[in-house]
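Nothing in this text is a laboratory measurement; each read-out follows from the coordinates by a stated rule. As the structure is a computational prediction, the values presented were derived from the model and not from experiment. Cβ atoms come from the backbone with ideal geometry, glycine included; neighbour counts cover every protein chain shown.
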Amino acid sequence: MTQHTRAKYQPSGQLQFGIFFQGVNSGTIWKAAESGSQTDFESFRRIAQTAERGLFAAFFLGEGLRLREHLGRSHELDVAGRPDAQTMLAALASVTSNIGLVATQNTTYNDPADLAQRLSSLDLLSGGRAAWNIVTTDNAWTGANFRRGGYLDHADRYTHAEAFVETAKRIWDAHDPVSGQWRRVVNEGQHYTVDVTPRLPRSTQYRPVLFQAGDSPEGRNFAARQADVIFSAHPKLDDALTFRSDIVERTLKAGRNANDVKIMPASEFILAATPQEALEKKAWVRSLQIGPQQAIAYLEQFWGRELAEYDPDGPLPDIDPVVEETSETRGSGFHGAKARQLADQWRAEAKEKGLSIRQFVSAKTSRVDATFNGSYSEVADRLMEYARTGAVDGFNISPWLIPTGLDDIVNHLVPALQERGVYPREYAGSTLRENLGLATPERPAAESADAEAAPSSATPEARVQADG
Ligand SMILES: Cc1cc2nc3c(=O)[nH]c(=O)nc-3n(C[C@H](O)[C@H](O)[C@H](O)COP(=O)(O)O)c2cc1C
């Protein structure tokens, strides 16, 4: 590859789709007559097979290690509980044949030797379709599950994650199918002390594909060094282009090629045959996403008190919050704004726009930037611009309804994109790596058993003992 092509990002002119099965959130409607169950295998089978019919590259499962809480109780309006990602993906491997199977797994509470083995198992069982969406998930509330509340602050999280991933990669590099030899992986780093004799050979795609989700500068640098694909939070065209430039710059600084890291932002599609129908459908979807109880519960998070006596179709509460700082439902993130100030600001905003509680909350929570709303052909035309400019490599779609929420996309949008020449007409191969157009990793030469740790990335930890 010449210096020029290495340093300049070349749009492929193509788009791919993934599906992000979130499980717990306000974006998926779990309480409508058409809704499936988030624990029933049938929901997963139905939507994964629909995605595969639409030639989707990947099926993603998010990870939530603790039920969300609201005013000190489990948040019943959210969905309580979802099956373990790797167990579910292993089951899905047996009813699908091409789609990639992506498990979101954190680096803060797992162990590299164990996780590498489990992901390798999924990779082998699925014929080279496994991927790992690397997240760090460090909040103290989740950590308490593991008796590690408050474990690792933000600054240490990615150093730890990098040591984790480096160790896992060395485990995946352990087997040489040509010589039949195995390396023992010895790690005496700051974060791990392990002495692993890997137990599984490589899969047909060498090792699981690495996705990353996390948007801080540290998260982006980590992705630029380690990831094959970023699951981003930047779907809007201008924002996506800025994000692409930023990632290209970081990727080049990390010594990789400009095209080495793919980007697939989170997104939502509400489509219909005509623009008018699509608008009506959006209003219907939003009314189900934010029902009266959800609207009140949303404000309660910021007021820190019960607001059940307020009419969801009336104005915002006139009483003040009881908390000093706002804290969104535990497990959803932390806002940290001054509560009274925020309440005053929101009351003024709702009054000025003439919005009821429900309308206001719906506007606040709808992912305007992430929503593609319109007729099939309108949206297909909009997506062409992403393919042309290379703003993204595809979209990771969160269906608003499960299990039927991808039907429209697969039946109408995919053919419209195929006609426009920007979407695959068949799977490129049988592995996820082939289908995403990713190069096969090169197995690094063995380091001397006595050598100091000297692997490829910025925060190396592990070393390997020579082959044999
Ligand atoms: C699009 C996207 C999806 C994510 N999905 C998950 C998830 O399913 N489970 C999880 O624990 N964290 C998830 N994360 C959060 C990451 O774990 C990360 O901890 C968080 O973004 C904070 O890291 P940062 O400071 O680098 O952004 C996601 C992040 C993004 C941007």
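Descriptive notes on the structure:
- In this structure, the amide hydrogen of ASN396, modeled 1.01 Å from its nitrogen in the peptide plane, lies closer than 5 angstrom to those of GLY18, ALA266, SER267, counting only residues at least 5 positions away or on a different chain.
- Taking amide H atoms as placed 1.01 Å from N in the peptide plane, the amide H of THR371 lies under 5 Å from those of GLU268, each 5 or more residues away in sequence or on another chain.
- Whether segment 48-189 is rounded, prolate or oblate, judged on the alpha carbon gyration tensor where a/c under 1.5 counts as rounded: oblate
- Local net charge near SER120, Cβ-Cβ under 13 Å (Lys/Arg +1, Asp/Glu -1): +4
- The chain has equivalent-ellipsoid semi-axes of 39, 27, 21 Å, by the square roots of 5 times the alpha carbon gyration tensor eigenvalues, sorted largest first.
- With at most 10 neighbouring Cβ atoms within 10 Å, loop GluC sites (Glu not before Pro) (DSSP) excluded, longest segment of the chain: 1-308
- The trypsin sites (Lys or Arg not before Pro) found in segment 390-440 that occupy coil by DSSP, while having at most 10 further C-beta atoms within 10 Å, are ARG425.
- Within-12-Å neighbourhood charge of SER232 [Cβ basis; K, R +1; D, E -1]: -1
- Estimated distance in nm for a label pair at THR365 and ALA140, the labels positioned 7 Å out from Cα along Cα-to-Cβ: 2.7 nm
- For the residue pairs LYS281/LYS364; LYS236/LYS262; LYS31/LYS338, the C-alpha atoms sit more than 25 angstrom apart in LYS31/LYS338.
- Cα-based shape type of segment 246-302, given that a ≥ b ≥ c are square roots of the gyration tensor eigenvalues and the cut on a/c is 1.5: oblate
- Remark: spin-label model distance ALA273-ILE319 equals 5.1 nm, labels positioned 7 Å along the Cα→Cβ axis.
- Folded to 0 to 90 degrees: helix 376-389 orientation relative to the chain principal axis, Cα: 40 degrees
- Amide hydrogen proximity for HIS70: with H placed 1.01 Å from N in the peptide plane, the residues at 5 or more positions away or on another chain lying under 5 Å are HIS75.
- Relative contact order, whole percent, for the chain stands at 25, derived from Cα pairs under 8 Å and 6 or more residues apart.
- The HN-Hα couplings worked out from phi for segment 42-54 by the Karplus form 6.51 cos²θ - 1.76 cosθ + 1.60 (θ = phi - 60°) are 4, 4, 6, 4, 4, 6, 5, 6, 5, 4, 5, 4, x Hz, whole numbers, x standing for Gly and Pro.
- Between the helical axis of 292-303 and the longest alpha-carbon principal axis of the chain there is an angle of about 80 degrees.
- Cα centroid separation, segment 252-300 to segment 68-111 (Å): 20 Å
- Dividing the summed helix terms, -39500 (n - 2.57) for each DSSP H run of n ≥ 4, by the number of residues in the chain produces a 222 nm estimate of -11000 deg cm²/dmol to the nearest 500.
- Net charge, PRO403 excluded, C-beta distance under 11 Å - Lys, Arg +1, Asp, Glu -1: -2
- Derived scalar couplings ³J(HN,Hα) [segment 263-269; Karplus, 6.51 cos²θ - 1.76 cosθ + 1.60; whole Hz; x for Gly, Pro]: 10, 10, x, 5, 7, 9, 10
- In the chain, the longest principal axis of the Cα atoms and the axis of helix 275-289 are about 90 degrees apart.
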